[in-house]
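The values are calculated or read from the model by the stated rules, or taken from the named source; none is laboratory data. Note that the structure is predicted; figures quoted are calculated from it, not measured. Cβ sites come from the backbone with ideal geometry, for glycine too, and all protein chains shown count toward neighbours. Keep in mind that these areas ignore ligands, DNA and RNA; they rest on the heavy atoms of the full protein, side chains included. Shrake-Rupley method; radii C 1.70, N 1.55, O 1.52, S 1.80 Å.
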Amino acid sequence: MLLPGGLWHEGQRKRGFAFKPVTGALEFGIAEIAGLGYAMPEAVTKILQLALAQLGGEAPSEQRVEELCIADRQFLMRELQIHLGDSEIWYSQRCRHCNESFDFELDLRSLPVAEGDEHYPFVEVELDKLEIRLRLPTGCDQLVLADKEEVEIPAVLLKLCLLTQSKEVDAFIAGLTQEEVASIEKAMEQASPGIVTDVQVNCSNCSSINPVYLDPYRLLNRGYGTLLSQIHCLARAYHWSEEQILALPVQRRAAYLTMIDADRGMSH
Ligand SMILES: [Zn+2]
């Protein structure tokens, strides 16, 4: 599979990646990392490191995962959700017109993905006085921004991503007009690959259109689900250890659980 952006290494764009097969160990590990209270960028890095078999043809080291652009990291978190079998999701939303709750189903696989353009991961912006060159923000930048105040973020991000040499970077950034900052932000947004995070959905009661936000990091809220009760059920029936059960591919785990269920049905 290909990343919409890719890692930029020695003048080459590396877009290949693959996830490990789904086992209980992977599902367990994801739930465990998500529950440990890391800041979001750190949790995302740890989960992707755990789940990826390869990234750009190499082992998914912490550094490589952090070097991915933010759009790639969001893409991978959503792809991982799909990989785990959670692609069809029911959402519940309160209509902002009639105030009634309505449910809708969305298949994440049906959402489009925008790929980076031929300049990726770089962006050039023509300002009044000069042309500046930037790179798209990465997971490393997300880490730096994680403990910054909302108001500081645009200037800090600009400083991190600015590639144009300037002796007085802070003064240069402070000297930009609001319009210039806005046009830089717009250019970066347009150049960035990306997944869909905002959709419009019709309310099933009054048919009016509602904007709905699709969290790209929804996987962080997955939790253990029924995994623990499945382990319990298999351990009781077969006397396997937790480690043996977690190593089973997800389809085999499901097949054994179906058989246990069928046996129970017969004994009733
Ligand atoms: Zn409505």
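Looking at (1) within 30 Å of S208 (Cα to Cα); (2) surrounded by 14 or more Cβ atoms within 10 Å (Cβ to Cβ); (3) of a type in the set (D, E), can you tell me which one D107 breaks?
Just one mismatch for D107, condition (2).
Looking for whichever is of a type outside the set (A, V, I, L, M), surrounded by 17 or more Cβ atoms within 10 Å (Cβ to Cβ) and more than 16 Å from the ligand (Cβ to nearest atom) here; the options are D117, D141. Which one fits? If you could, list the steps in order and put the result at the bottom.
Working: D117 fails: surrounded by 17 or more Cβ atoms within 10 Å (Cβ to Cβ).
None of the others qualify; the one that does is D141.
Scan the stretch 186-212 and report the pairs whose first residue is in contact (Cβ under 8 Å) with a residue 24 or more places away in the chain and of a type in the set (S, T, N, Q) and whose second residue is open to solvent by less than 20 Å² (accessible area, probe 1.4 Å) and away from the ligand (no atom under 16 Å from the Cβ), with Cβ atoms within less than 8 Å and a gap of 6+ or a chain change.
Note: pairs meeting the criteria are S192/G5; S192/C69; S192/A71; S192/G116; S192/L136; T197/L214; T197/P216.
Scan the stretch 200-240 residue by residue and report those that are away from the ligand (no atom under 16 Å from the Cβ), open to solvent by 50 Å² or more (accessible area, probe 1.4 Å), hydroxyl-bearing (S, T, Y) and in a loop (DSSP other than H, G, I, E, B).
Y224, T226
Based on this model, can you work out whether E149 counts as more than 16 Å from the ligand (Cβ to nearest atom), part of a loop (DSSP other than H, G, I, E, B) and without any contact (Cβ under 8 Å) to a residue 60 or more places away in the chain? Break it down into steps so the answer makes sense when it comes.
Numbers: more than 16 Å from the ligand (Cβ to nearest atom): yes; part of a loop (DSSP other than H, G, I, E, B): yes; without any contact (Cβ under 8 Å) to a residue 60 or more places away in the chain: yes.
Yes.
Just to check your reading of the model, which residue among S110, S92 is closer than 29 Å to L227 by Cβ and within 16 Å of the ligand (Cβ to nearest atom)? If you could, list the steps in order and put the result at the bottom.
On the way: S110 fails: within 16 Å of the ligand (Cβ to nearest atom).
Answer to the check: S92.
What are the residues in the stretch 241-268 that are touching a residue at least 60 places away in the same chain (Cβ under 8 Å), crowded, with 17+ Cβ neighbours inside 10 Å and assigned to a helix (DSSP H, G or I), if any?
Within the stretch 241-268, I245, L246, R253 qualify.
Pull up the stretch 209-268, narrow it to residues that are among the basic types (K, R) and within 30 Å of V196 (Cα to Cα), then point me to the one that is farthest from the chain's Cα centre (by Cα).
Going residue by residue through the stretch 209-268, those that are among the basic types (K, R) are 218, 222, 236, 252-253, 264.
Adding the requirement that they be within 30 Å of V196 (Cα to Cα) leaves 218, 222.
Numbers: R218: 8, R222: 13 Å.
Within the stretch 209-268, the match that is farthest from the chain's Cα centre (by Cα) is R222.
In the stretch 112-134, which residues are out of contact with any strand residue (DSSP E or B) (no Cβ under 7 Å at 6 or more places or on another chain) and either outside any loop (DSSP other than H, G, I, E, B) or in contact (Cβ under 8 Å) with a residue 40 or more places away in the chain (or both)?
Of the stretch 112-134, the ones out of contact with any strand residue (DSSP E or B) (no Cβ under 7 Å at 6 or more places or on another chain) are 112, 117-119, 126-130.
Answer for the stretch 112-134, where residues must be out of contact with any strand residue (DSSP E or B) (no Cβ under 7 Å at 6 or more places or on another chain) and either outside any loop (DSSP other than H, G, I, E, B) or in contact (Cβ under 8 Å) with a residue 40 or more places away in the chain (or both): P112, D117, H119, E126, L127, D128.
For the stretch 147-170: of the residues being of a type in the set (A, V, I, L, M, F, W, C) and open to solvent by 60 Å² or more (accessible area, probe 1.4 Å), which is nearest to E131 (Cα to Cα)? Reasoning before the result, please.
From the stretch 147-170, those of a type in the set (A, V, I, L, M, F, W, C) are 151, 153, 155-158, 160-163, 169; that's our starting set.
Imposing the further condition that a residue be open to solvent by 60 Å² or more (accessible area, probe 1.4 Å) reduces the set to 151, 163.
Numbers: V151: 25, L163: 11 Å.
By that ranking, first place goes to L163.
Testing S166 on (1) touching a residue at least 60 places away in the same chain (Cβ under 8 Å); (2) touching a helix residue (DSSP H, G or I) at 6+ places or on another chain (Cβ under 7 Å); (3) part of a loop (DSSP other than H, G, I, E, B), one condition comes back false. Which one is that?
Unmet for S166, out of (1) touching a residue at least 60 places away in the same chain (Cβ under 8 Å); (2) touching a helix residue (DSSP H, G or I) at 6+ places or on another chain (Cβ under 7 Å); (3) part of a loop (DSSP other than H, G, I, E, B): (1).
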